[in-house]
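Read through the structure below, which is laid out as structure tokens, and then see the notes.
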Amino acid sequence: MATRLLIGLDVGTTFCKAVVIDADGVERAHGRHPTPWTLVATGAEVSPADLADAAIAAVHGALAGVDGEVAGIGVTGMAETGVLLDATGTPLAPAIAWHDQRGQLEAAALARDLGAGRFAAATGLPATALCSLAKYRWLREHHRGAERGVRWLSVPEWVVRRLGGDEVAELSLASRTGMFDVVDGRWWHEALDWSAAPAGLLPEAVPAGTAAGRAGDAVPAARGAVLTVAGHDHPVAAVGAGAVEDGDVLDDCGTSEALVCTVGSPMGREAIAAAVAAGITVGRHVVDGRLALLSGFGLDAPLVRTLRLLGIAGDAARERLDREAADLVPGELGVRVEGLLEETMSVTGVGHGVTPAHVWRATLEAAADASAAALDRLQAVAGDPGRIVMSGGEARSPAVRAVREARRPSLYWSPVREAAARGA
């Protein structure tokens, strides 16, 4: 009898990552492929076809040399970025990166027309260019042919469709669009009317894990496997890392550092609006009946900026720098990094004896300060956390581990290599 296998696919900002897991929960193989962004003046965009091909390539890579019957494929990934389709199911425009700056004027109009407080109380989000609603409105007003769009799918939903599945929306991803009422659990028609969306632009919203058809010929080795949209990558990573008890906080350190708190009790609109005002977003969790409170910041850009400043290129050089920084005493020689998350940062205290490892340690200390501030924001809304579980690519750095454990020895470090893919 063939071994039954499951595939978790994470369509991430930097890489598309796939993991093959057997019936005993053992990870048998991994595959990954770079996410094929095109850089533009406002940020980045990607061809929907190329993005789906990259995700499928990661699955092919994971399945190479693995024997067994693929029973199911779950797809998670970045939120906010979406794919606009015409009546034939063909993409009409590039998919705008979640961090792209397009839609700022539209977001300002949204806050004015619907009311920033009302928007927050309904959607659990601030009225900014980050949400899908502002991106969709921008496409309607600036991209030729976008008015012919009849369907909007998030990235994981689009990849499930390209694998041969049904067009469905998933609740945690819907919660990142700005088009979904997180209290009522349905599409918010006032927002859709504001954006001039046609009837049926968004498919039925279903819980994570709902069957969404079966895989076709895109991955022949997985033909017939049950497909599902696993949800937004951060709460899915909480599942993969085992941080889903009420009050648990996942600190997911990757391209961004996202802190996800699992909340079991419902929240009213006033409490949701207050959370958003405090810098916390509120959405449906991938765990049925729970909410996901999210706080965080962009981590990759400031770290890459510092590594470039230090002349560190390649994985081997970064690993050496991490080891050297891990062995240093906190604050040694008085090096400090300020403004890490700002447009311009400063490094002070660079005197005799300072090495790149000292600057790198100070950079990671500044990132830890930002993480502590994000956790404080969460605590102000959700109360004292239960377990704090660290996961993500940066959490595997010995220097990051040394810095964080010096501040909070009770941290739990997830042994899972790719938490979002495993959670999917």
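The values are calculated or read from the model by the stated rules, or taken from the named source; none is laboratory data. This structure is a prediction, so every number in the text was calculated from the model and none was measured. So basically every Cβ, Gly included, is an ideal-geometry build from the backbone, and we count neighbours across all protein chains shown. Surface areas here come from the heavy atoms of the whole protein model, side chains and all, with no ligands, DNA or RNA. Shrake-Rupley method; radii C 1.70, N 1.55, O 1.52, S 1.80 Å.
Side notes on the structure shown:
- One residue from ASP288, ASP251 being open to solvent by 10 Å² or more (accessible area, probe 1.4 Å), among the acidic types (Asp, Glu), within 27 Å of VAL75 (Cβ to Cβ) and in contact with a Gly (Cβ under 9 Å, 6 or more places away or on another chain): ASP288
- Those residues of region 278-305 which are hydrophobic (A, V, I, L, M, F, W, C), within 24 Å of ALA120 (Cβ to Cβ) and in a loop (DSSP other than H, G, I, E, B), in sequence order: ALA278, ILE280, VAL286, VAL287
- Residue within region 31-48 that is under 30 Å from VAL287 (Cα atoms), in a helix (DSSP H, G or I) and at pLDDT 95 or above present: yes
- ARG361 being of a type in the set (Lys, Arg), touching a helix residue (DSSP H, G or I) at 6+ places or on another chain (Cβ under 8 Å), buried (at least 22 other Cβ atoms within 10 Å of the Cβ) and assigned to a helix (DSSP H, G or I): yes
- When each of GLU167, GLU147 is tested for being in a helix (DSSP H, G or I), in contact with a Lys or Arg (Cβ under 7 Å, 6 or more places away or on another chain) and open to solvent by 50 Å² or more (accessible area, probe 1.4 Å), the lone residue that passes is GLU147.
- Any hit, region 16-26, residues being within 25 Å of VAL226 (Cβ to Cβ), open to solvent by less than 40 Å² (accessible area, probe 1.4 Å), assigned to a strand (DSSP E or B) and acidic (Asp, Glu): yes
- Residue among GLU106, GLU80 that is not basic (Lys, Arg) and not in a loop (DSSP other than H, G, I, E, B): GLU106
- Selection from region 322-339 of residues that are surrounded by 16 or more Cβ atoms within 10 Å (Cβ to Cβ) and modelled with pLDDT of 90 or more: ASP322, GLU324, ALA325, ALA326, LEU328, VAL335, VAL337
- Looking only at residues of region 171-225 that are open to solvent by 10 Å² or more (accessible area, probe 1.4 Å) and among the aromatic types (Phe, Trp, Tyr), we find that the one that is nearest to GLY289 (Cα to Cα) is TRP187.
- Only a single item in (1) farther than 23 Å from GLY12 by Cα; (2) touching a Gly at 6+ places or on another chain (Cβ under 6 Å); (3) not polar (S, T, N, Q) is not met by GLU190, and it is number (2).
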